[in-house]
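Working notes, beginning with the structure itself.
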Amino acid sequence: MTGAHFHPQRLHPRYGGLVNIASQLPGGLALASKTCGRFIFDQQPSSSENPSAADLEAAVVAVCGFPRTGTTYLQEAASQALGAPERCWKNHDPFSIPVYIDAGLLTLIPLRDPISTISSWSVYNNDLPSLSIQRNRLLSYTAWHRAIQKYVKSPHVMLVGFDSLGDSSDELLDSVREMNEGQELLLHMQNFPSEIREELKAPYVEALNDPKLSGTLFGAFRVYENLMRETVALVDVEIATTAAAAAAAAAAA
């Protein structure tokens with residue numbers, strides 16, 4: 001483990017370019033996160049984002065995804081499949097993935113296209129729909145997804161397409177709504193799908209499609225599409241069975 005943490009929801013938007021450049025160099029993102037962390041991150045990660053040894057021992061599944069890509073849905077799906085919420089750990093830090101692999105956890109990584117992700121993230125953060133903020137959000141997205149590329153071939157890692165989450169059961173969707181309400185999110189962020197949310201996303205989508213961002217958007221889509229070749233649909237994942245197989249393989253190694 002490098003000791004680095006990259007929680008994109010804590011990254012100040014102005015540093016999107018920095019982390020994107022760093023992510024293109026071997027070990028660069030880890031180095032930038034460690035050495036510049038107190039400057040580029042608004043807050044340090046909370047204990048709920050960094051599992052202890054006891055947390056890892058109790059868990060058999062981990063969910064690690066970029067914000068607004070469906071991490072809460074996957075966490076709830078795994079908790080229901082496993083019968084206990086403590087058996088699934090969730091955060092947004094790509095540097096935690098090797099820790100999960102070493103612990104024998106099945107790691108689920110949701111993937112969502114950059115326009116949908118960044119527009120939803122911007123609504124969540126109440127961003128101004130300016131080109132500079134959208135550019136930096138896209139660059140952060142690209143850096144994060146570039147960081148996970150090295151793990152996608154691991155037998156302990158599964159990439160899950162966001163679009164497949166729409167086929168979730170009513171019970172799962174109801175549970176996620178309850179979790180969102182417990183977090184006191186704004187009303188338009190509590191329901192899935194939401195016409196109100198789509199209306200709020202419109203100015204961000206317009207900014208993201210501005211010709212001035214075409215190069216940045218192309219780079220984000222290129223990384224995303226490369227990863228999408230490895231995705232599975234949530235309905236095709238037997239979470240409990242796959243997690244047990246991953247744990248057995250780790251124990252035998």
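Remarks
- For the chain, the antiparallel share of DSSP beta bridges with both residues in that region comes to about 5%.
- With Cα atoms defining each centre, the range 1-77 and the range 208-242 are spaced 18 Å apart in the structure.
- Extension gain from GLN43 to GLU86, taking 0.36 nm per residue of separation minus the Cα-Cα distance: 13.0 nm
- What the Cβ-Cβ distance of ILE21 and ASP163 gives, at R0 = 30 Å and to the nearest 0.05, is a FRET efficiency of 0.45.
- Spin-label model, SER154 to PHE218: label points 7 Å out along the Cα-to-beta-carbon direction sit 3.3 nm apart.
- Length gained when the stretch ALA252-GLU230 is fully extended (0.36 nm per residue, less Cα-Cα span): 5.4 nm
- Our summary gives the range 7-52 a relative contact order of 49 percent, counting only alpha carbon pairs under 8 angstrom and 6 or more residues apart.
- For SER48, net neighbour charge (Lys/Arg +1, Asp/Glu -1) across residues whose Cβ lies under 11 Å away: -1
- With R₀ fixed at 51 Å, the C-beta to C-beta distance from THR241 to ALA202 puts the FRET efficiency at about 0.75.
- Of the peptides 127-140, 80-93, the order by per-residue mean of other Cβ atoms within 10 Å, starting with the highest, comes out as 127-140, 80-93.
- Cα-centred dipole magnitude for the chain, charges only on beta-carbon of K, R (+1) and D, E (-1), debye, nearest 20: 1300
- Label-to-label distance, ASN50 versus LYS34, with points set 7 angstrom from Cα along the beta-carbon direction: 1.4 nm.
- Given charges at Cβ of Lys, Arg, Asp, Glu: the chain dipole, positive-most of GLY37, ALA250, GLN80: GLY37
- Total formal charge among the other residues, if their Cβ is under 12 angstrom from that of ALA103, Lys/Arg +1 and Asp/Glu -1: -3
- In straight-distance terms, cross-link reach from LYS212 covers every one of the lysines whose alpha-carbon lies under 24 Å from its own, apart from those fewer than eight places away in the same chain; here that gives LYS201.
No value in this document is a laboratory result; all are computed from the given coordinates. This structure is a prediction, so every number in the text was calculated from the model and none was measured. Cβ coordinates were reconstructed from backbone atoms using ideal geometry, including for glycine residues, and neighbour counts include every protein chain displayed.
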